[in-house]
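A.B. asks: The structure that follows is given in the form of C-alpha cells.
The values are calculated or read from the model by the stated rules, or taken from the named source; none is laboratory data. What you see is a predicted model; the values in this text were computed from it and never measured. Because the Cβ atoms are built from the backbone with ideal geometry, glycine has one as well, and the counts that use them run over all protein chains shown.
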Amino acid sequence: MKGILKIAYKLLVNDKGKFAALLVGITFAVFLMVMMTSMFSGILHRSSATVLNVGAKVWVMDPAINTPANNIPMPDYVLDAVRSINGVTYAVPLYSGGALVKLRSGAYQSVTVIGLDDSSLYGRPELLEGQIEDIYGENAFIVVKDAEFPKLQNPRVGTEFEINDHRGVIVGIARVTTSGLFGVPTLYTTYNRALQYIPSTRFTTAFILIEPKNTTAIPYIKQQVKALGYEALTKDEFIQKTSRFYKYQTGVGTNVLIMTVISFIVGLCISGQTFYTFILENLERFGALKAIGAKGRELVYMILFQASFASLAGFGLGIGLACLLITVARLRMPSYAAMTTYTDIGLAFIMVLIIAGISSYIGVRKVLKIEPFDIFRG
Amino acid sequence: MAELAMQATALVKWFGEGDARTVAVQGVSFDARFGEMLFIEGPSGSGKTTLLSLISGILRPNEGTVMVEGRDIWSMTSDRIADFRLNKVGFVFQDYHLFPRLTTVENVAIPLILKKNDWDKSIDEAMEYLEIVGIKDRALLPPVKLSGGEQQRVAIARAIASHPDILIFDEPTASLDGETGRKILDFVKKNILTDKRCIIVVTHDNRIFEYADRIMTMEDGRVIGFEQGGGREE
Ligand SMILES: Nc1ncnc2c1ncn2[C@@H]1O[C@H](COP(=O)(O)OP(=O)(O)OP(=O)(O)O)[C@@H](O)[C@H]1O
Ligand SMILES: [Mg+2]
C-alpha cells in the first residue's frame, strides 16, 4: 500500500508544472477564504468587546438591543425588580455611552465611556498603572491602553482633559482583552459620574449586570426579566446575538459570505481543472498500472492520495500565508481587526476537503473507466 | 499435459452490437507450452492483439475458456484476475508504456511494488533486472532519456520483474531497426526464456521468425495454421 502511494506521490510531485499549479490554486483559495473569514471573525470579536471586557455572566437589556454599542436606557425600577428576583446574588447598573473629549492640544476626540457601579465597581478592568480606588477621586477617569489609546495623545496618570465641558483627569491606565471595533478610545469611570458628566435621557441604565447564584438559576432569571418586558442574556448569548446582528443584519456578513464563496469557487475551479488535466494526462499510466495488475481499488487510493496531498499542502500554505499576512498587518496597523479562529481554519479545511473530494471524484470516475485493453492496443 | 502454460479453447470476441458488430476473434483454440517461444503473426486487423488480451486476463472473451494451472481465468473474480496479471503474466507493450515521471529503476520496480513489496527492496531487486538486461548504468535516468532499444529493455526488465510464467510481447521490434530488433530477440531467447516460462510474441516482422519455436498464423480472427519456427531444436 505504502509503495503504491509513493508511486502516486512521485507521479504527482515530479510533474512540477501541474503540481505547482494545483498548489497555487488551493493555496490561493484557502488564503482568500481564511483572510475573509478572519477579517469577519475579528470584526465579530471586537463588536462584543464590551461584553468580553466587562465579563458579567448575565446582562439585562432592552430586547431591541443588537450589540453592546447600542444604548436603550431602562428605567430605574428595572434594577430594583431584577435585584429582587430569586437566584440573583447581586445586580448592578452599567453605563455605556459616547462622549466628546477635548485634548490639551485642543483637538476633539470621541470616546466610549463605561460607568461602573459605584459601590461594587463590577466589571472593572485590570490596571497597568494606578489604583482602582482612585476612580472615586475628583473627575477621575481610567483610560484603556488599546489600539486606540494614541488617539488620546498617549495620556499618562495625571493627564487632564475636558469631557463635555467638565474637567477630567486620568488616574489609571487599564488593560483589556479586546479592543473595540469602532476606533474610539475607552474611558472607565463610576456610574454616577458618567451620569453627571454626560447628558442623558430620563432613563439612564444601559445594562444591568447580574451575578447569578449559580448557572441553574439563569433560566428562571431570564424568565422573570422577560416578564418585566426586558431581556436577560448570558455573556455567550449576548456575544452570539451581536454576531448574528453583524452577520445577517448588516452588509458585512453577506459581503464576506459572497467573497468567501467566490474564493471557494475560484479555488475549486483552478484546482479541479488542474487535477482533471493531470489525471487525463496520466490516464495512460493508470491504464498501464491496471494492465500490469493494479486493482481498481488501488488506483482509487492513488488518486485520493494525490488529491488529498495536494489539497493539504495547499491548505497548509494558504493558512500559513494568511497568518503571516495578518501578523505583519497587525504590526503595521495595531487596530487591524482580522483574527484567525479555529472556526475559520475549520471552514477552510472543510472547503479544501470538498475541493479534494470533487477533484478525486472526477479523477476516479475517469480512471475506473479506462480499459487496459485500450492501453494494450496503443 | 504438465508442460502447458496456457490452453485457450474456442475463444470468441466481438466488438459492438447489431450491424456494427465486428468479430475480432472467432473460435480460436491453441495452447502455449513452457520453454517455447510462440509467435503469432497475421495481417493487420486479424485479431492478434485481441487474442493476446483474451489469454492474458486483460479482455474478457464472449465465449471460450483460458485455462492456466487447471483453472479458467475468466471464471475468477476481477481481483483474482488482476492478481493473475500481476503474478503470472508479464507484458511488454508495443509502445512500452514506461512512466516518464519515474526513474528507469522505479519503472522496473512497479510490479514488485504492486505485489506489496517494500519500496527499497523492490528498487534493489529491480536493479538486478536492469543488470540482466544490461542497462544498469541508466537506472536513475528517466526513461525518456533512453534510446528506443534501451526503453525496450526497460520494458522487458519490468515484465520479468514479477517472475511471470507467460511473457507477452506485442510487436517487440516494430519501432526498432532490424539490427536492434534481432539483438533484443536474441537476448530474450538466451536470457529470458527458461523451461518454466513461455514467451508469446505477436509480430509482423519476418526477420525475427528465426527465433520462433512455433509460428501461429491468424487471418480474420481465425487461426489458419501452425508452423515450426526457425528456432525449433528438436
Ligand atoms: N475496442 C474495439 N472496438 C471495436 N472494434 C475493435 C476494437 N478493438 C479491436 N477491434 C477490431 O477487432 C479487429 C482485430 O483487432 P486487433 O487489434 O486484434 O488486430 P491486430 O491483428 O492486432 O492488428 P494489428 O496488426 O494492426 O495490430 C479489428 O478489425 C479491429 O478493428
Ligand atoms: Mg495489434
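A.B. asks: Out of the stretch B:68-97, which residues are surrounded by 14 or more Cβ atoms within 10 Å (Cβ to Cβ) and among the polar types (S, T, N, Q)?
C.D. replies: Of everything in the stretch B:68-97, those that are surrounded by 14 or more Cβ atoms within 10 Å (Cβ to Cβ) and among the polar types (S, T, N, Q) turn out to be B:87, B:94.
A.B. asks: Would you mind stating whether residue B:135 is more than 14 Å from every other protein chain (Cβ to nearest Cβ), within 16 Å of ligand 1 (Cβ to nearest atom) and either crowded, with 19+ Cβ neighbours inside 10 Å or at positive phi (or both)?
C.D. replies: Against the criterion (more than 14 Å from every other protein chain (Cβ to nearest Cβ), within 16 Å of ligand 1 (Cβ to nearest atom) and either crowded, with 19+ Cβ neighbours inside 10 Å or at positive phi (or both)), residue B:135 does not qualify.
A.B. asks: Right, something else. Quick check on my filter: what residues within the stretch A:354-373 are within 16 Å of ligand 1 (Cβ to nearest atom) and surrounded by fewer than 16 Cβ atoms within 10 Å (Cβ to Cβ)?
C.D. replies: Of everything in the stretch A:354-373, those that are within 16 Å of ligand 1 (Cβ to nearest atom) and surrounded by fewer than 16 Cβ atoms within 10 Å (Cβ to Cβ) turn out to be A:369, A:371.
A.B. asks: Continuing with the same structure: Filter the stretch A:338-370 down to the residues that are touching a helix residue (DSSP H, G or I) at 6+ places or on another chain (Cβ under 8 Å) and farther than 24 Å from residue A:266 by Cβ and list them by number.
C.D. replies: Listed by number, the residues that qualify are A:367, A:368, A:370.
A.B. asks: Restricting to the stretch A:251-293, give me the number of residues that are loosely packed, with under 15 Cβ neighbours inside 10 Å and either within 14 Å of another protein chain (Cβ to nearest Cβ) or outside any helix (DSSP H, G or I) (or both).
C.D. replies: 1
A.B. asks: Does the stretch A:15-22 contain at least one residue that is in the same structural domain as residue A:276 (by TED's automatic domain parsing), over 30 Å from residue A:288 (Cβ atoms) and surrounded by fewer than 21 Cβ atoms within 10 Å (Cβ to Cβ)?
C.D. replies: So far as the stretch A:15-22 goes, no, none of its residues is in the same structural domain as residue A:276 (by TED's automatic domain parsing), over 30 Å from residue A:288 (Cβ atoms) and surrounded by fewer than 21 Cβ atoms within 10 Å (Cβ to Cβ).
Matching residues to (1) buried (at least 22 other Cβ atoms within 10 Å of the Cβ); (2) assigned to a strand (DSSP E or B):
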{"site": "B:30", "(1), (2)": "no, yes"}
{"site": "B:38", "(1), (2)": "yes, yes"}
{"site": "B:44", "(1), (2)": "no, no"}
{"site": "B:53", "(1), (2)": "yes, no"}
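A.B. asks: For the stretch B:1-56: of the residues being β-branched (Val, Ile, Thr) and within 10 Å of ligand 1 (Cβ to nearest atom), which is farthest from the other protein chains (Cβ to nearest Cβ)?
C.D. replies: B:23
A.B. asks: Residue B:57 - would you say it is surrounded by fewer than 23 Cβ atoms within 10 Å (Cβ to Cβ), more than 16 Å from ligand 2 (Cβ to nearest atom), within 15 Å of the chain's Cα centre (by Cα) and assigned to a loop (DSSP other than H, G, I, E, B)?
C.D. replies: Judged against the criteria, residue B:57 is not a match.
A.B. asks: Still on this structure: Going residue by residue through the stretch B:188-195, is there one that turns out to be in contact with a helix residue (DSSP H, G or I) (Cβ under 8 Å, 6 or more places away or on another chain), within 30 Å of residue B:122 (Cβ to Cβ) and not β-branched (Val, Ile, Thr)?
C.D. replies: Checked against the condition, which is being in contact with a helix residue (DSSP H, G or I) (Cβ under 8 Å, 6 or more places away or on another chain), within 30 Å of residue B:122 (Cβ to Cβ) and not β-branched (Val, Ile, Thr), the stretch B:188-195 yields at least one hit.
A.B. asks: Restricting attention to helices (runs of 4 or more DSSP H) lying wholly within the stretch A:1-75, give those where 3 or more residues are in contact (Cβ under 8 Å) with a residue 24 or more places away in the chain and over 30 Å from residue A:87 (Cβ atoms).
C.D. replies: A:2-13, A:16-47
A.B. asks: Still on this structure, please answer the following. Can residue B:146 be described as more than 8 Å from chain A (Cβ to nearest Cβ) and farther than 25 Å from residue B:190 by Cα?
C.D. replies: no
A.B. asks: Within the bounds of the stretch A:365-377, is there any residue that is more than 30 Å from residue B:94 (Cα to Cα) and away from chain B (no Cβ under 14 Å)?
C.D. replies: No: the stretch A:365-377 contains no residue that is more than 30 Å from residue B:94 (Cα to Cα) and away from chain B (no Cβ under 14 Å).
A.B. asks: Within the stretch A:3-47, how many residues turn out to be at pLDDT below 85 and in contact with a Lys or Arg (Cβ under 9 Å, 6 or more places away or on another chain)?
C.D. replies: 2
A.B. asks: Next question. Anything in the stretch B:116-126 that is within 8 Å of chain A (Cβ to nearest Cβ) and within 22 Å of the chain's Cα centre (by Cα)? List them, or say none.
C.D. replies: B:122
A.B. asks: Go over the candidates B:72, B:79 one by one and state the one that is more than 7 Å from chain A (Cβ to nearest Cβ), among the charged types (D, E, K, R) and away from ligand 2 (no atom under 16 Å from the Cβ).
C.D. replies: B:72
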